[in-house]
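First the structure, in the form of structure tokens, and then the observations on it.
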Amino acid sequence: MMKWNKWIKKYSTPCMWVACGCTVAAIVAEKIQPGVWITVLYVSGTILAGFPIAVKAIQSLKFKTVSIELLVTIAVAGAFIIHEYSEAAIVTCLFQVGTYLESKTMQKTRSAIKELTAMAPKTAIRITDDEPEEIDIDEVEIDDILLVRTGSQIPVDGYVVSGTGYADQASITGESRPIARSTGDFVYGGTILQSGTLRMRASRVGEDTTFSKIIALVEEAQDAKSPVERFIDSFAKWYTPAVIVLSALVLVFTKNLDTAITVLVLACPGALVIGAPIASVAGIGKAAQNGILLKGGDSLVTFAKTDVFLFDKTGTLTNGYPVVDEYIEYEPDSLRYAVSLESCSDHPLAKAITTYGKESTVIPVDDADTEKGKGMHGTVNGKTVLVGSLKYMTEQHAELTGQMVSDAKRLSSEGCSLVFCSVDQKITGLFGIRDTMKESAKDCIRELRKHVNTVRMLTGDNADTAAIVAEELGLDGYDAELLPEQKLNLLKDLQKQGHIVTFVGDGINDSPALAIADSAIAIGSGTDVAIECSDVVLVSSDLRKIVMSYRLANQTVRIMYENIAIAIAAVLFLLTGLFAGFIHMGIGMLVHEGSIMVVILNAMRLLLYKEK
Amino acid sequence: MKKTIQLEELVCPMCATKIETALKKAPGVNDATVLYNASKAKVDYDETKTSLEDLYKVITGLGYEIK
């Protein structure tokens, strides 16, 4: 049997073309001058195209599976018995050509994920005792120091230990803008270092790298089955043997072998079996190319049905860390003094100020000290500098002018925390600091509201801050000052009212909500927990991808149903045709193979999907 | 021991089912899943009872190639 397999693999395609040649020649010749040699042509066509089919049928039978090939083989044998050589040749040739085209188009549809796996790094340059040495990717171990040169791939996940460069992280996050990486920054394996040279310390290797996990997840997602698909699969298992019984019955009752074998050919469940999976493959593959990991099957179908989106605030809609939103300077050099003093602290607010003023040169500070909950003080250039809250300023006898009071009022109404800076008891500057909205948040909410009725925000933060964020983003509403279990209750209430709820969070402190929601979207760099319990994982933090994944999921599900409808329509058409008497084996096979091509091509539309 | 075997491009979903059933029935195999779209077989087997070569034979015996 092994020998036959090799032979078939090698020659079945050329045989198929020769068989087609024979058959076409016979059809043409038959019109001009009928003769015995035409039968010879048909028979050789049937044998050349039919032999591989028969071998496959027998192989499956050995494992107690009734395959489509078996149906075709029986049908062809039947056709020989009633001397329908032309039908036999046409059926076998069409079947082989169909299978050939299917495999070609199938490869194309699966290409999205293939492109991804092809990008997996294969080698790494390890540095031992300052000597670079090229090694296989599987040999890289945690804490190895690796060298990454310009234009080459970053081999595994890890942290930069020296050097700087720009990394193109498109293969992971779907963002094509190169990102500056220097000492201490995290780099993903599978991304490309566009410029510069880096030395990095490996932190995740082998199957644990983000890249490997993404591939494993996508591969499994593509094979996950929705309820409809599971039904079709179990149906198909019994369907094929049932068709053989049916055709035997037809033979017994009508005594017409021609009709009986036609039933065999017509009832092949090809398009039905392939229609839904091919759509999810294309949809999930397309999403993966854009840094969106969609899980397949049930979760895809449920996600597409979402009518309420709930967002976590901190870290999801906002960046999750405070940033200077506005700075007002009343006296020159104030920023420099403030930055100098604040660089002595690692408080989040101090970090916001030093990040904002990173251009200014830091002056050495004497006696820097922190007043807990109020601020900091120290001596800079012989002057007493204070940075802190309003309360701290008034305590230390620094007075506010009318202008400052109105600035302060405006900033706090915008949801900012206020931090003042004073030099020698005179207020010189005012920082409005807040957790800023992600750039993409507004676009995301606006687009989502075109598709679903309700987009709300849940937060543990205070009501004032929540109100400002909700207003600015145009949300349908918000619930603030929530404890984790209150978040869950709100979610459950919505579900009880019959809503399909998708929860969007960063997977850090909202895993319970992610787990309970009908569908969950985790944003971030693919942490393990987030990947485990969510249905959609966005590797980048670009919220616009939520809209894209929602649209893609809907389109994928729609195409799945379209394909099932096309398949059923084809079968119904064939059966009606059979009983009305205008369908014979040859045409039957043509319609059958045609319907398979139609569903594959329909699914390929997903690969062309473009975000408006 | 868990291993992933890369198969030739699987065309019909039935092929995946066929390989999966055959692998599951093979001696020494605890569990097997065939990912149809990725054309990969994930096998969990007892290396004292069977070997990767034996598993390859099961697959090639069905008429499928291993990459």
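The values are calculated or read from the model by the stated rules, or taken from the named source; none is laboratory data. What you see is a predicted model, and the numbers here were worked out from it, not measured in a lab. Neighbour counts are summed over all protein chains in view; Cβ atoms, including those assigned to glycine, are modelled from backbone coordinates with ideal geometry.
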Legend entry - Residue satisfying all of: in the stretch B:17-26; more than 9 Å from the chain's Cα centre (by Cα) and of a type outside the set (S, T, Y); nearest to the other protein chains (Cβ to nearest Cβ) among these: B:K18
Legend entry - From A:D369, A:D346, residue being in a loop (DSSP other than H, G, I, E, B), of a type outside the set (F, W, Y), more than 30 Å from A:E471 (Cβ to Cβ) and free of Cβ contacts under 8 Å to residues at least 12 places away in the same chain: A:D346
Inset, instruction - Go through the residues of the stretch A:51-66 one by one and say whether even a single one is more than 44 Å from the chain's Cα centre (by Cα) and within 24 Å of A:L266 (Cβ to Cβ). - result: no
Inset, instruction - From the list A:G184, A:G163, A:G189, A:G151, pick out the single residue that is farther than 26 Å from A:L300 by Cβ and part of a strand (DSSP E or B). - result: A:G163
Inset, instruction - For residues that are in a helix (DSSP H, G or I) and farther than 11 Å from A:V324 by Cα, tally how many sit in the stretch A:349-360. - result: 0
Inset, instruction - Report yes if A:K114 is closer than 21 Å to A:V218 by Cα, of a type outside the set (S, T, N, Q), touching a residue at least 40 places away in the same chain (Cβ under 8 Å) and part of a helix (DSSP H, G or I), otherwise no. - result: no
Inset, instruction - Determine if the stretch A:7-16 includes at least one residue that is closer than 19 Å to A:H83 by Cα, modelled with pLDDT of 85 or more and aliphatic (A, V, I, L, M). - result: no
Inset, instruction - Please indicate, with yes or no, whether at least one residue in the stretch A:88-107 is away from chain B (no Cβ under 11 Å), of a type in the set (D, E, K, R) and either in contact (Cβ under 8 Å) with a residue 24 or more places away in the chain or not in a loop (DSSP other than H, G, I, E, B) (or both). - result: no
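Scan the helices (runs of 4 or more DSSP H) fully inside the stretch A:192-268 and keep the ones with 1 or more residues being within 14 Å of another protein chain (Cβ to nearest Cβ).
In the stretch A:192-268, the matching helices (runs of 4 or more DSSP H) lie at A:210-223, A:227-254.
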Legend entry - Hits in the stretch B:44-67 - residues which are more than 14 Å from every other protein chain (Cβ to nearest Cβ), charged (D, E, K, R) and assigned to a loop (DSSP other than H, G, I, E, B): B:D46, B:E47, B:K49
Inset, instruction - State yes or no: is B:A32 away from chain A (no Cβ under 12 Å), within 19 Å of A:Q222 (Cβ to Cβ), among the aliphatic types (A, V, I, L, M) and not in a helix (DSSP H, G or I)? - result: yes
Legend entry - Single unsatisfied condition, A:T436 versus (1) out of contact with any helix residue (DSSP H, G or I) (no Cβ under 9 Å at 6 or more places or on another chain); (2) assigned to a helix (DSSP H, G or I): (2)
Legend entry - Checking A:T46 against (1) modelled with pLDDT under 90; (2) more than 14 Å from chain B (Cβ to nearest Cβ), the condition it does not meet: (1)
